[in-house]
Amino acid sequence: MIEILLELQRRGVQIFLATHDYAILKELELQRRQEDKLVFHSLYRDDGEIDCQTVGTYLDIHPNTIAEARRRRRADHRLGPEGHALGRWRQALTAIRAACSSRPRRSRPIL
């Protein structure tokens, strides 16, 4: 999807994309070329007023509530570099192992 959007932009199509998804924003950064006309707008509250910041790269966004939320989520779930989904997978696997270990074993296979 990102590749298509960037190619349309290169052909003169003006695109507006609203997202809170870190992966989409990061992928835009990774696939962009130096000649791409790409800007990031960040809307945020400052003393009760809505303010806007416009920057040329994702890393220049400040305050960056998407990155801050991602960092908090990773810290809360004590995740490794694989990200949030892996933490939930590990939690689910731990729960399944606990449930299976407390069940009596069957003497014949289940068909």
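What follows draws every value from the coordinates through simple rules; no lab data is involved. Everything quoted here is computed from the prediction, not taken from an experiment. Every residue, glycine as well, gets a Cβ built from its backbone with ideal geometry; the counts of neighbours run over all protein chains shown.
Return the FRET efficiency for the residue pair Lys37, Arg70: r is the Cβ-Cβ distance, R0 is 25 Å, and the value is rounded to the nearest 0.05.
Values: r = 26 Å, r/R0 = 1.06.
Efficiency, from the Cβ-Cβ distance: 0.40.
Which of Val55, Val13 comes first, and how do the rest follow, when ranked by fewest Cβ neighbours within 10 Å?
Val13, Val55
For a quick check: sort Leu30, Leu8 by the number of other beta carbons within 10 angstrom, fewest at the front. The partial results should precede the final answer.
Numbers: Leu30 9, Leu8 12.
Least to most surrounded, the residues fall as Leu30, Leu8.
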